[in-house]
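Chemist: For reference, the structure I am asking about is given below.
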Protein chains: 2
Amino acid sequence: MPKVADQYLCVDPWKIIEDGFHSDRSEVSESLFSLANEHQGIRGFFDEGYSGKSLVGVYLNGIYEEHFTEGMSYKGISNRLAFMVNTVNWLYTRIEVDGEMLDLAKSKFSDFRRQLDFRSGELRREFIWETESGKKLKLVLLRLLSMETKELAYQQIRITSLNFSGIVALTIGLDFSVPHHMFNQNFWDCVRKEEGAILGVSQNIGHRLFAGMKVYAEAQQTPIEAEKLIGVRLDVDVVEGRESVVGKFVTLQADRNPAQALDDAWEHGISQLQTSTKRYEEVLECNRAHWENFWGKSDIRIDGDDETQQGIRFCIFQMQQTYRCVIEGANIGAKGLTGEAYNGNAFWDTETYCLPFYLFSNPDAAKALIDYRYKTLPQALARAKDLDCEGACYPIATIDGTESCTLWQHASLQFQPTTAVAYAIWHYFNVTRDQTFLQSEGIELLIQICRFLASRGQWSAKGKFGYYAVMGPDEFQMMVNNNAYTNYMAKRTFEFALQVLDGMDISQLRCSRDELDHWCHMASEMFIPYDSETKLYEQHEGFFNLPHIDVDSMPVEDFPLYHHWSYDRIYRNDMIKQPDVLMFMFLYNQSFSMEEKRANYDYYEPRCIHESSLSPSVHSILASELGRQREAFDFFHFATRIDLDNYNRNTHEGIHTTSIAAAWMNIVYGFGGMRSDGEVLSFKPSIPAHWNSYSFQVAYRGSVIRLEVSQGKALIRIVDGEPVSVKICGQVMEVTRGGVSIEI
Amino acid sequence: MPKVADQYLCVDPWKIIEDGFHSDRSEVSESLFSLANEHQGIRGFFDEGYSGKSLVGVYLNGIYEEHFTEGMSYKGISNRLAFMVNTVNWLYTRIEVDGEMLDLAKSKFSDFRRQLDFRSGELRREFIWETESGKKLKLVLLRLLSMETKELAYQQIRITSLNFSGIVALTIGLDFSVPHHMFNQNFWDCVRKEEGAILGVSQNIGHRLFAGMKVYAEAQQTPIEAEKLIGVRLDVDVVEGRESVVGKFVTLQADRNPAQALDDAWEHGISQLQTSTKRYEEVLECNRAHWENFWGKSDIRIDGDDETQQGIRFCIFQMQQTYRCVIEGANIGAKGLTGEAYNGNAFWDTETYCLPFYLFSNPDAAKALIDYRYKTLPQALARAKDLDCEGACYPIATIDGTESCTLWQHASLQFQPTTAVAYAIWHYFNVTRDQTFLQSEGIELLIQICRFLASRGQWSAKGKFGYYAVMGPDEFQMMVNNNAYTNYMAKRTFEFALQVLDGMDISQLRCSRDELDHWCHMASEMFIPYDSETKLYEQHEGFFNLPHIDVDSMPVEDFPLYHHWSYDRIYRNDMIKQPDVLMFMFLYNQSFSMEEKRANYDYYEPRCIHESSLSPSVHSILASELGRQREAFDFFHFATRIDLDNYNRNTHEGIHTTSIAAAWMNIVYGFGGMRSDGEVLSFKPSIPAHWNSYSFQVAYRGSVIRLEVSQGKALIRIVDGEPVSVKICGQVMEVTRGGVSIEI
């Protein structure tokens, strides 16, 4: 991997800290210092405005707009892009002294420090501003999103004059005029404004967003108003050496129903605004309690490697900020709630990369993610029809369940989102044994998915079943036949559905025996390109005969290829973006021999350029299994700090949620050697050579298992619930609170 | 072929006639009754306006505009669409009696007849209008484009009152406000207007278009003007039973240079307007002479089949209208100058389908077409660079030499335009022996084309050379490896270039021996998928193993597939749109055995749905060669009358120039059995069973050969120039004015 770290934050096990302002990385910091509480996400932009590079972004889960693209209008090509729309800048602040406006791109300042604490979710920024007239002020700007009451948010500005007494003029407000960065366009109409409250309606979809504020300050408040902004002007009379505090409490109430009466939206918002009375410090305390409880269950502790410790905690913190199942019908966007790249859309990453974290720490959240697919089944049925198919086809990118990827080559040719839903059901059931779900929503989904797979597949001239004109997860092989991943996942999906249906009353499910027989035949005749001599799976028919390219000899300047290579050039050699074969070997890990894993790892890894952030973790986990600890650690380190060290040079667009989720898998599946694709959970722990120890906990079938690993030994024990049977280093054992100690 | 004729025009050997107005086919008729003289093309719309379905279109060769598409912006993806822009409606007319405006969509009328005469290029339309007040007028509307002075055009309106004397109010003018239909947008600014003259400048490109008119009428002329229109109002005092004539002479002067001074454009136009004095009847006479001379050389006479006679003359007439080499740097659009579909762009059709007609009737025009590619070599070099390649890559669609196809899957994956240029050079040389051209422009082009082919090709893991991620001419197999057509044409291109270079001073051409050796190696190791057992060429690697679809069992309602099938569904079975393998067997006909032709015809024909209008002719010619006269005739009949009988149900968009050119090939190559890919020209005549006779002439190496074929015998003789050697039914003979008679 020709990728190198760009580390500029201080290492700390519980915080990220920027010591001195790095203006050249202003947007990277905005992403890293994002706050979110699932309901909303707010980038770490400067409250007071900043004329340098900045993306002022405040995003609400499930609040989106749409854009129709020009271009190809053939059947089955989606030209509607739904995107998580930029909303209201509730931190809007302007600070003025003697007519000089504070702007860190222009003003003179020193002692800049910014930090985000994973134990409270508080973002704190401070610096000393020296005006042109020589006045010096210390400013501390704090912000917080309530983890308890999701609509509530807080801003606090502390001003201390260091060498004068006089007026500091503040304007603070709620600003709906922020452009959605991707289209450089604002998507809000403000239909009602009163002192301290404003109601926005998104222009195409009609989502309602009420924003209200209460300002706490010892100063005269003069209301101000603009077309899409309300606020107050405060003349704060500062006294040298004494701290003046201005606080702002905000409520953001969203309603996704475009038919909702505007008056109702308004009243509902006003009511919450009026009844909320908690002050900043009280909410901070609540947040601390929330995070303490969370870390108690979900922390991964690493002793002996602070950089990695910080990295993995940042990852876990982001997962919890992004999604924890408080919003009805939410999913997880590729950038969480931290930026506009990928339009806030959810991908197959949710089921494949994010789900395990929740499955083993917050099973209700995991179930809700699958339930999202159940709720959007009507859209998936419609999408399959658009593609001249039956059953349910899940979108490659979506917010509201409809296909939102306007690149037909992805939207029409990639089916991993569909098989990923089936895999998620299987995985969820395997870990929870939730028969109720499986035999109701689960089987309903599986039947519709199988129908899609049956109708989209075709029989070759040689009488084998498979998928033609597809793109697997590896997006560098665009339109191929019999992609091993697609075919293998389809085969397993058919088999699982048939296994669930076995013994069920199929007539009640409106299935016929004939239909099941067809699926059975398709599964058994599924063409999986495989060479029994070399043990290699061929990524697709003809892959082995593609022109070879030595990826190690490619100049670093060529990356990312999408920016530097002619588009078509990417798709005509044996280079891969991420590994399809290793991917299904990870997902159904115990179905393959070590020999097969080794052969395929050795063949595909050198051909992979890891241009997808999904790639390193799979390599790390398999490298770990193959005993290649150095490689395993390198891939893991990359995934863990992909954003903190801006490895892909695109963290300014937002964080890489999937890679962050995968970092968790790297420890649990990689070093912990956990496997969840067998009858029982299994572990085979290892530890990187330079760590002293690490530990983590997983929820499993009603109990909580804790794994503590140090050099040479591991302890696996129950910390909550009944003893459970797990496999440890190949042997099934009952684990109790006393635990099982093993040598490693 | 599930395509059926929709015949509504009268059959006549020298005309097309519409007897009674077919309002449901108004736009089809507009296409069929188009006039053109290479400089301009004007659809057969109604002068007086028509509120029914109509596309008022006047197009000038080489006058275009541009549109930038949104969407994918990766390297090598062209997002600039250049399109032949709708210009000025110089036929603009409004006719009013008693305040009632004539509009055949609303007015009461009878005795409608419209005819276009191939021997004059005059379009005549007549009908009787009965006003609401009961007044009856006979109207005859005539129009004509001068074949002698390309800028000149004429309109004549003859009015005869049948039952009253009084005023008929006419407004006639030049109207730049016509929208370009495809974008429903007007692209002209009118920068100067005076009485009888108006200067338009196209908005993005800045082409200048001067339109001037002189009106001849016995009536008071009152000038009128609007933002983009100038004209006159005439109160014509009609007397019952006497014909009143209003004539309009028009000049359209185009300047493609956006830097040209507007005053110069204006003066230039005014000068031609003032110095042109010919009246309608004089120009009509000149046109008759032009067409008489043309038909003398280029007619195909068929005795015993009036429908086909009309069809083939319509085709030849259209070819001459569209292109005859009077405009510098012109090419041939897919719809000629008759509509906006395909944006007036030229495709590989020019070299492959249109060139032979000119090669054998107007070799200067043929050379000029190749010269178009020479003049646009800089654009082709730039395009290759865009694609990360060397040499010259010719655009899939173009007006000005740059790539104008915004669908990347076509623009980036199809290389038949590039090999077609090489083929055209080879073909032109083979027929003309023009060594001067070959050793200058010819070889320069060939070298750059070979460089492109060398840099775009790749070596497979098995050590064979070929092309990956390509689309051949058959656009139903989108992104394949080692397409037989692409590989075969590339091989022949390398071989031809090397043959021309043999003995030339390559250092002067900035070629190295090494480079040539590489080409030689690539040609000899070119992978051409072929099964020596079955004699079948595989259209691409893996084609034989694709899922089979029985095209005969496909419901007729599914056609055209692009409108009814999900886009991706088209690309995943063994159905083809047009035949790649039969295509190269036609182009290099004598390089393949009868056995190979038969085997491949029998394999590919049943898999072909002929959704491309390029397809039937190739089948017809090969069917003829294989002695399948019925099939040959059916395919030919379709191509010959594709527009007259609206077989593809899209003639309203414009005529199918390529199919029209191919109809000519069907007779000459098909029934005449001509082959031009050998050392000498050869003939092997046959004749459809129901024809009495047919004849045609071809120019060949300075002489003109005439072929007259009747049932049982054929006469081949020289009608101009020296005797030439040709091969007749396999035997080389010298043909003189006395000719060679053979039994067939």
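Chemist: Closer than 18 Å to B:Asn573 by Cα and of a type outside the set (D, E, K, R): which single residue out of B:Ser524, B:Ser553, B:Ser512 fits that description?
Modeler: B:Ser553
Chemist: Filter the range A:443-467 down to the residues that are of a type outside the set (Val, Ile, Thr), within 28 Å of A:Asp677 (Cα to Cα) and free of Cβ contacts under 8 Å to residues at least 60 places away in the same chain and list them by number.
Modeler: Hits for the range A:443-467 are A:Leu446, A:Tyr467.
Chemist: Quickly run through the range A:86-118 and pick out the residues that are assigned to a strand (DSSP E or B) and touching a helix residue (DSSP H, G or I) at 6+ places or on another chain (Cβ under 8 Å).
Modeler: Result: A:Arg114, A:Leu116.
Chemist: Something else about it: Against the condition under 24 Å from the mean Cα position of the chain (by Cα) and closer than 25 Å to A:Tyr423 by Cβ, how does A:Val668 come out, does it pass?
Modeler: Answer is yes for this residue.
Chemist: Here is a follow-up. Would you point out the residue of the range A:695-744, among those that are of a type in the set (Asp, Glu) and closer than 24 Å to A:Tyr358 by Cβ, that is surrounded by the fewest Cβ atoms within 10 Å (Cβ to Cβ)?
Modeler: A:Glu722
Chemist: Of (1) free of Cβ contacts under 8 Å to residues at least 40 places away in the same chain; (2) of a type in the set (A, V, I, L, M, F, W, C); (3) surrounded by 24 or more Cβ atoms within 10 Å (Cβ to Cβ), A:Leu626 satisfies all except one. Which?
Modeler: (3)
Chemist: I need a count of the residues in the range A:570-582 that are under 17 Å from B:Arg456 (Cα atoms) and either out of contact with any helix residue (DSSP H, G or I) (no Cβ under 6 Å at 6 or more places or on another chain) or more than 8 Å from every other protein chain (Cβ to nearest Cβ) (or both).
Modeler: Number satisfying all stated conditions: 5.
Chemist: Just give me the residues in the range A:682-705 being part of a strand (DSSP E or B) and of a type in the set (Val, Ile, Thr), in sequence order.
Modeler: Answer for the range A:682-705, where residues must be part of a strand (DSSP E or B) and of a type in the set (Val, Ile, Thr): A:Val698, A:Val704, A:Ile705.
Chemist: Given (1) out of contact with any Phe, Trp or Tyr (no Cβ under 9 Å at 6 or more places or on another chain); (2) buried (at least 18 other Cβ atoms within 10 Å of the Cβ); (3) part of a loop (DSSP other than H, G, I, E, B), where does B:Gly678 come up short, assuming only one miss?
Modeler: (2)
Chemist: What pairs come up if the first residue lies in the range A:228-243 and is surrounded by 15 or more Cβ atoms within 10 Å (Cβ to Cβ), the second is basic (Lys, Arg), and their beta carbons are under 7 Å apart, counting only those six or more places apart or on different chains?
Modeler: Pairs found: A:Ile230/A:Lys193.
Chemist: Only one residue in B:Ile205, B:Ile224 is of a type outside the set (Phe, Trp, Tyr) and touching a Lys or Arg at 6+ places or on another chain (Cβ under 7 Å), so which one is that?
Modeler: B:Ile224
Chemist: Same structure again: Need the failing condition index for B:Trp291 against (1) assigned to a strand (DSSP E or B); (2) farther than 23 Å from B:Gly329 by Cβ; (3) under 26 Å from the mean Cα position of the chain (by Cα), just the number.
Modeler: (1)
Chemist: Would you mind telling me which numbered condition in (1) crowded, with 24+ Cβ neighbours inside 10 Å; (2) assigned to a loop (DSSP other than H, G, I, E, B); (3) among the polar types (S, T, N, Q) B:Thr419 fails?
Modeler: Of the numbered conditions (1) crowded, with 24+ Cβ neighbours inside 10 Å; (2) assigned to a loop (DSSP other than H, G, I, E, B); (3) among the polar types (S, T, N, Q), the odd one out for B:Thr419 is (2).
Residue by residue, here is whether (1) surrounded by fewer than 16 Cβ atoms within 10 Å (Cβ to Cβ); (2) in contact with a helix residue (DSSP H, G or I) (Cβ under 9 Å, 6 or more places away or on another chain); (3) free of Cβ contacts under 8 Å to residues at least 24 places away in the same chain holds:
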| residue | (1), (2), (3) |
| --- | --- |
| B:Leu262 | yes, no, no |
| B:Trp266 | no, no, no |
| B:Thr275 | yes, no, yes |
| B:Lys278 | no, yes, no |
| B:Val283 | no, no, no |
| B:Asn293 | yes, no, yes |
| B:Phe314 | no, yes, no |
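Chemist: Within the range A:221-245, take every residue that is charged (D, E, K, R) and part of a strand (DSSP E or B) and give me the one that is nearest to the chain's Cα centre (by Cα).
Modeler: Ranking the candidates gives A:Glu225 first.
Chemist: While we're looking at this one, here's another question. List, please: which pairs have Cβ atoms under 6 Å, are six or more places apart or on different chains, and start with a residue in the range A:135-155 that is more than 19 Å from A:Asp111 (Cβ to Cβ) and touching a residue at least 24 places away in the same chain (Cβ under 8 Å) and end with one that is of a type in the set (Gly, Ala, Ser) and surrounded by 19 or more Cβ atoms within 10 Å (Cβ to Cβ)?
Modeler: A:Leu145/A:Ala153; A:Leu152/A:Ser146
Chemist: Another question, then. Within the range A:397-437, track down each residue that is farther than 26 Å from A:Gln499 by Cα and away from chain B (no Cβ under 13 Å).
Modeler: Passing the criteria: A:Ala397, A:Thr398, A:Ile399, A:Asp400, A:Gly401, A:Thr402, A:Ser404.
Chemist: Taking the residues in the range A:6-37 that are under 21 Å from the mean Cα position of the chain (by Cα) and small (Gly, Ala, Ser) as candidates, determine which candidate is surrounded by the fewest Cβ atoms within 10 Å (Cβ to Cβ).
Modeler: A:Ala36
Chemist: Out of the residues in the range A:543-558 that are of a type outside the set (D, E, K, R) and surrounded by fewer than 12 Cβ atoms within 10 Å (Cβ to Cβ), which is modelled with the lowest pLDDT?
Modeler: Top of the filtered list is A:Val556.
Chemist: Here is a further query. Tally the residues that are touching a helix residue (DSSP H, G or I) at 6+ places or on another chain (Cβ under 9 Å), hydroxyl-bearing (Ser, Thr, Tyr) and either over 25 Å from A:Gly231 (Cα atoms) or surrounded by 22 or more Cβ atoms within 10 Å (Cβ to Cβ) (or both), restricting the search to the range A:38-82.
Modeler: Total satisfying the criteria: 4.
Chemist: Working only within the range B:367-391, note down all residues that are part of a loop (DSSP other than H, G, I, E, B) and either away from every other protein chain (no Cβ under 13 Å) or within 17 Å of B:Gly62 (Cβ to Cβ) (or both).
Modeler: Those that are part of a loop (DSSP other than H, G, I, E, B) and either away from every other protein chain (no Cβ under 13 Å) or within 17 Å of B:Gly62 (Cβ to Cβ) (or both): B:Thr376, B:Gly391.
Chemist: Another question about this same structure. Please list, ordered by first then second residue, the pairs with beta carbon atoms under 6 Å, 6 or more apart or interchain, first in the range A:66-79 and at the interface with chain B (Cβ under 7 Å from one of its Cβ atoms) and part of a loop (DSSP other than H, G, I, E, B), second among the hydrophobic types (A, V, I, L, M, F, W, C) and crowded, with 17+ Cβ neighbours inside 10 Å.
Modeler: Partner pairs satisfying both residue conditions: A:Gly76/A:Leu387; A:Ile77/A:Trp408.
Listed here are the residues, each with its yes/no results for (1) touching a His at 6+ places or on another chain (Cβ under 7 Å); (2) at pLDDT below 95; (3) surrounded by fewer than 24 Cβ atoms within 10 Å (Cβ to Cβ).
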| position | (1), (2), (3) |
| --- | --- |
| B:Lys597 | no, no, yes |
| B:Glu611 | no, yes, yes |
| B:Leu622 | no, no, no |
| B:Ile642 | yes, yes, no |
| B:Gly654 | no, no, no |
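Chemist: Then there is this: May I ask you to say which residue of B:Asp634, B:Asp602, B:Asp645 is part of a helix (DSSP H, G or I), away from every other protein chain (no Cβ under 14 Å) and within 23 Å of the chain's Cα centre (by Cα)?
Modeler: B:Asp634
Chemist: Hey, another quick one. Considering the range A:246-271 alone, what residues qualify as being over 18 Å from A:Gly173 (Cβ atoms), outside any loop (DSSP other than H, G, I, E, B) and of a type in the set (A, V, I, L, M)?
Modeler: Residues satisfying the conditions are A:Ala254, A:Leu262, A:Ala265.
Chemist: Out of the range A:664-723, which residues are among the acidic types (Asp, Glu) and touching a residue at least 40 places away in the same chain (Cβ under 8 Å)?
Modeler: A:Asp677
The values are calculated or read from the model by the stated rules, or taken from the named source; none is laboratory data. Bear in mind that the values here come from a model prediction, so they are computed numbers and not experimental data. Cβ coordinates were reconstructed from backbone atoms using ideal geometry, including for glycine residues, and neighbour counts include every protein chain displayed.
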